[in-house]
Amino acid sequence: MTSSGRTREGPSRRGPVITVDGPAASGKSSTAREVARRLGIRHLDSGALYRALTYALLDEGVPQEEWVELEADDLESLQVQVEPTEEGIRIRHRDRPLDSELRTARVTARVSSLASVSAVRSWLLRRQREAARHGALVAEGRDMGSVVFPDADLKIFLVADLEERARRRLRERGEEEGPDAVRDEALRLARRDRDDETRSVAPLRKAEDAVEVDTTGLTLDEQVDRIVAMARGLTGSDAQI
Ligand code: CDP
Ligand code: CDP
C-alpha cells in the first residue's frame, strides 16, 4: 500500500489483505478460513463466486456453448447476490443461500470454462474488491495475489503433489482411496489446473512476490501456523494485524 492509502485496487481498501492462491485441492479454503479465524479477520473464498455463477447458469438452463458470449447485463440478471458478513461473504441465488450446491461434481466440472470468460472475471473483480472495503481479509483463489489484490500485504502460493491432493479430496468426501479412485480424481484435478493455467485472462500463476508453501508433507495445522506467523511478522502501520 502507498503512503497515501491509495492502492492499485482502488482508494478504499480497509485493513491488511493476505492472499492465498494455488491449484485445486492444495488446501486454500481450509487454510484461509483458519488463518482468518485465528487472526480475527474476514475470509473471501473467490472460487465460491465462480461456482455460484456456474450454478445459476446451470439452474437457468443457459447452454454451456453460450457462456463465452455472456456480458455484464446477463450476469446481473442471474440474480447472484454477494453480501458482506462478519466472517466474510454470503452468496445467494434469487434470495436463496447457496452452500453445498456450489461443490457438486456438475458445477466443479464446468466452473473453469466459465472462469475463462473475461466479462465474468471483470464482473467478479469489483465484487471481490468490495469485500476488502469491510476490513482486513484473507482472500483465496487463483488470481488473488496476481490480479485482484496486487498490493496485498502478504501473498502465499500453496502447492502439493497431485496424488496427495487427489487423496485429500477423496478423504474430504468420505470416499475410498483405492488406486483407480486416486487416479480418476488426479486426472480431474490436473485437467482443471491445466484449464486454469492456460486461459488468457488472469491465469493461475504464482505472483512474483508470493511465498510458495509446499503442503505435501504438512498437516493443516502446520501450514496455518506458518502463515499466521508470517502475517504477525508484517511490519508497517498499514499492515498491523
Ligand atoms: O476448491 P477448489 O480448488 O476445487 O476450487 P475453487 O477455489 O472453488 O475454484 C473453482 C474454479 O473457479 C477454479 O478451478 C477456477 O476455474 C475458478 N477460479 C478462478 O478462476 N479464479 C479464482 N480466483 C478462483 C476460482
Ligand atoms: O481450497 P482448496 O481446493 O485448495 O483445498 P481445500 O478444500 O482447503 O483442501 C482440500 C482438503 O485437504 C481439505 O479436506 C483439507 O482439510 C485437506 N488438507 C489436508 O488434508 N492436509 C493439508 N495439509 C491441507 C489440507
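The values are calculated or read from the model by the stated rules, or taken from the named source; none is laboratory data. On a predicted model such as this, the values are computed, not experimentally measured, just so you know. Reconstructed Cβ throughout: ideal geometry from the backbone, glycine too, with neighbour counts over all protein chains shown. The protein model used for the area step is the full one, side chains on, heavy atoms only, and it has no ligands, DNA or RNA in it. Shrake-Rupley method; radii C 1.70, N 1.55, O 1.52, S 1.80 Å.
Summary table below
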{"item": "Region 133-173, residues that are over 13 Å from the mean Cα position of the chain (by Cα) and among the aliphatic types (A, V, I, L, M)", "result": "Ala136, Ala152, Leu154, Val159, Ala160, Leu162, Ala166, Leu170"}
{"item": "Which listed residue is near ligand 1 (Cβ under 9 Å from one of its atoms), small (Gly, Ala, Ser) and part of a helix (DSSP H, G or I), from Ser113, Ser146", "result": "Ser113"}
{"item": "Scope region 55-86; condition of a type in the set (D, E, K, R) and either touching a helix residue (DSSP H, G or I) at 6+ places or on another chain (Cβ under 6 Å) or open to solvent by less than 40 Å² (accessible area, probe 1.4 Å) (or both); matching residues", "result": "Glu71"}
{"item": "Condition met for Arg142 (in contact with a helix residue (DSSP H, G or I) (Cβ under 6 Å, 6 or more places away or on another chain), open to solvent by less than 50 Å² (accessible area, probe 1.4 Å) and within 28 Å of Leu170 (Cβ to Cβ))", "result": "yes"}
{"item": "Residue in region 82-96 that is away from ligand 2 (no atom under 16 Å from the Cβ) and small (Gly, Ala, Ser) present", "result": "no"}
{"item": "Sole exception among (1) surrounded by 15 or more Cβ atoms within 10 Å (Cβ to Cβ); (2) in contact (Cβ under 8 Å) with a residue 60 or more places away in the chain for Val201, by number", "result": "(1)"}
{"item": "Checklist (1) touching a Lys or Arg at 6+ places or on another chain (Cβ under 9 Å); (2) outside any helix (DSSP H, G or I); (3) buried (at least 23 other Cβ atoms within 10 Å of the Cβ); (4) not basic (Lys, Arg) applied to Ala166, failing item", "result": "(2)"}
{"item": "Test set (1) over 19 Å from Gly47 (Cβ atoms); (2) more than 16 Å from ligand 2 (Cβ to nearest atom) - Glu176 fails condition number", "result": "(2)"}
{"item": "Condition met for Arg38 (at pLDDT below 95 and under 30 Å from Gln223 (Cβ atoms))", "result": "no"}
{"item": "Subset tally (residues that are modelled with pLDDT of 95 or more and more than 12 Å from Met144 (Cβ to Cβ)) for region 1-28", "result": "5"}
{"item": "Residues located in region 179-201, provided they are modelled with pLDDT of 95 or more and small (Gly, Ala, Ser)", "result": "Ala181, Ala186, Ala190"}
{"item": "Considering residues of region 24-54 that are more than 16 Å from ligand 2 (Cβ to nearest atom) and assigned to a helix (DSSP H, G or I) only, the residue surrounded by the fewest Cβ atoms within 10 Å (Cβ to Cβ)", "result": "Leu39"}
{"item": "Residue ID - surrounded by the fewest Cβ atoms within 10 Å (Cβ to Cβ), chosen from residues in region 119-139 that are over 24 Å from Phe157 (Cβ atoms) and at pLDDT 95 or above", "result": "Ala119"}
